[in-house]
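This report concerns only the one structure given below.
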């Protein structure tokens, strides 16, 4: 969702900065367009960073026989990469 929002902000900003030729006394639409383009670029970069930091879980299950008692022993291991979890 963050990538889509970034693209939308960037596109609206580009339209305001380059395609709209309206002069208003109380606001400069070209400056607003550049601000929206910058915000869109930041949102896109943050979205890419969050996608890259998603955690993967690896589970390993081993079954062996205890030589002393002959019982089956099951050992489960779960490992995840370091860092905070992303959604």
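What is the order of 15, 44, 27, fewest Cβ neighbours within 10 Å to most?
Taking fewest neighbouring Cβ atoms as first place, the list is 27, 15, 44.
Modelling each spin label as a point 7 Å along the Cα-to-Cβ direction, I'd like the residue 3/residue 20 distance in nm, to one decimal.
The answer from the label model is 2.8 nm.
Work the Kirkwood hydrodynamic radius out for region 2-52: mean of 1/r over every pair of different alpha-carbon atoms, inverted, in Å.
That comes to 11.1 Å for region 2-52.
So, in nm, how far is label residue 45 from label residue 75 when the simple model puts each one 7 Å beyond its Cα toward the Cβ?
Each label point lies 7 Å from its Cα, and together they span 4.6 nm.
Where does each of 2, 61 land when they are ranked from fewest to most other beta-carbon atoms within 10 angstrom?
Ascending number of Cβ neighbours within 10 Å: 61, 2.
Going by how many other Cβ atoms sit within 10 Å of their own, how do 10, 18 line up, fewest first?
Starting with the residue having the fewest Cβ neighbours, the order is 18, 10.
Do you know the relative contact order of region 2-52, to the nearest whole percent, from alpha carbon pairs under 8 angstrom that are 6+ apart?
Contact order relative to length: 53 percent.
Read-outs throughout are calculated quantities, based only on the coordinates presented, and are distinct from any laboratory measurement. Just so you know, these numbers come straight off a predicted model, no measurement behind them. Here Cβ is always computed from backbone atoms with ideal geometry, including for glycine, and neighbour counts include all displayed protein chains.
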